[in-house]
Amino acid sequence: METFKVKLNRVLLAYHFFPHYRKGVLEELANEIPIDFLADSSGIDGIKAYQFNDKNRFIDAKCHYFRGLMFQRKIVSLATFGDYDAYIFLANPNHITTWLASVVCKLRGKRVIFWGHGFLSSKKTPKNQLRRYFFSLANSFYTYGYRAKQNAMSLGFPEHSLHVGFNSLDYEHQINFRKDLPPPEQSKTLRIACVSRLTKLCRYDMLLEACALAYMQCGLQIEVDFIGDGPERQSLTEQAISLGIKSRFHGAVYDESAISKLFSAADVTVMPGKIGLTAMHSMMYGTPVISHDDFERQMPEVEAIVPGVTGNLFRYGDVHHLSETLIQSKAQFSDRENVRKNCFRMIDEIYNPKRQVDVMLRALNGEAAENGDDTLNIFKGYKK
């Protein structure tokens, strides 16, 4: 990818709030772009807000919610009177003041970039029609995945304005722990990591059923490490005991050194529900990922899963196919050192803050978007 420098004097990035796990990309943006950040300084749903070191570059803007809609008056004020050349807005049509701010920016001749998930499907539904109107307010759209770009193109958006920037975690911090990881141990047991809050949406109950089926079918011994806490912990503990699945519940773990070791020690990370940032976290430490194949119900990070190379996909909602996938994975990923290298490559080349900011610079400068099909091509010609 060609590297650009931003041609603009000042940029505003406006969000409802910046979660702490966006640290890597926020700091990379601050290093590369003359940018100010606007958001509500309060956390949401128990997620801590990122704390900016340079308070002069952060604008605290309170969010107000009413029946699923969000209002943030300060972004309209800054769209009207702010001395910015370009505005980056979170692409959420439920944020009513973003509609207003975007229209004002366009009337003032300011460049508008939308940053978000985009279209989950290419179906011409009423919901997608509303999104079409909203997304058309931007000069360019910066999305997390190639499928969202394809969906947008199917709905009439020009290819050159659709930038695929993927996603990232705190790469520079995590790479230090990755360097110190010991080589993976060989074992006949399939070791599974599950890293997330323990909620019903994760469908870990389905995973435990699949583990029991795998043992019944071929005697595969499985151990599951649950890293995280949540309302389903007690239920999952009882289910694991009932099914005879060896499981360890570590609770919430925030120490990155400990997390890196837990990921690295596993043969696979499994998320029967939708996979998001966990996919990147796992691959950062060299562990392939298994999740389901219904992309309309998935998060964009599922695109990091290249079947047989960085993970696998099972049929959505099919516990028997998940069981088969677990059985296959032991042989499929037996060369753990090679699998590690594949996972590292996915993160080092695509899912990192530098790559995200390089793509954002293209969008800000009005450059034509690249294809964005990197995850489809990174292992092209790869022989297992």
Quick one: would you say residue 100 is surrounded by fewer than 22 Cβ atoms within 10 Å (Cβ to Cβ), among the aliphatic types (A, V, I, L, M) and not in a loop (DSSP other than H, G, I, E, B)? yes
Of all residues in the range 31-82, which are under 12 Å from residue 97 (Cβ atoms), in contact (Cβ under 8 Å) with a residue 24 or more places away in the chain and hydroxyl-bearing (Ser, Thr, Tyr)? 80
Please work out if residue 110 is charged (D, E, K, R) and either at pLDDT 95 or above or within 25 Å of the chain's Cα centre (by Cα) (or both). yes
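Each row is one residue, and each column tells you yes or no for (1) farther than 19 Å from residue 29 by Cα; (2) open to solvent by less than 20 Å² (accessible area, probe 1.4 Å).
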| residue | (1), (2) |
| --- | --- |
| 63 | yes, yes |
| 69 | yes, no |
| 79 | yes, yes |
| 82 | yes, yes |
| 94 | yes, no |
| 141 | no, yes |
| 144 | no, yes |
Report, ordered by the first and then the second residue, all pairs with beta carbons closer than 6 Å, sequence separation of six or more or different chains, a first member in the range 195-212 that is free of Cβ contacts under 8 Å to residues at least 12 places away in the same chain and over 11 Å from residue 235 (Cβ atoms), and a second member that is open to solvent by 80 Å² or more (accessible area, probe 1.4 Å) and not in a helix (DSSP H, G or I). none
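Need a quick list: strands (runs of 3 or more DSSP E) entirely within the range 214-282 having at least 3 residues that are in contact (Cβ under 8 Å) with a residue 12 or more places away in the chain and open to solvent by 40 Å² or more (accessible area, probe 1.4 Å). Steps first, answer last, please.
Details: elements: 222-227, 246-251, 268-270.
Passing ranges, in order: 246-251.
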Does residue 24 satisfy being of a type in the set (Gly, Ala, Ser), open to solvent by 70 Å² or more (accessible area, probe 1.4 Å) and out of contact with any Cys (no Cβ under 9 Å at 6 or more places or on another chain)? no
Only one of (1) open to solvent by less than 20 Å² (accessible area, probe 1.4 Å); (2) small (Gly, Ala, Ser); (3) over 23 Å from residue 164 (Cβ atoms) fails for residue 46. Which number is that? (1)
The range 336-384, subset acidic (Asp, Glu) and assigned to a helix (DSSP H, G or I), residue least open to solvent (accessible area, probe 1.4 Å): 358
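The values are calculated or read from the model by the stated rules, or taken from the named source; none is laboratory data. Remember, predicted model here, so these are calculated numbers, not experimental data. Quick reminder, even Gly has a Cβ in these numbers, built from the backbone with ideal geometry, and neighbours come from all protein chains shown. For accessibility, only protein heavy atoms count, side chains too; no ligands or nucleic acids. Shrake-Rupley method; radii C 1.70, N 1.55, O 1.52, S 1.80 Å.
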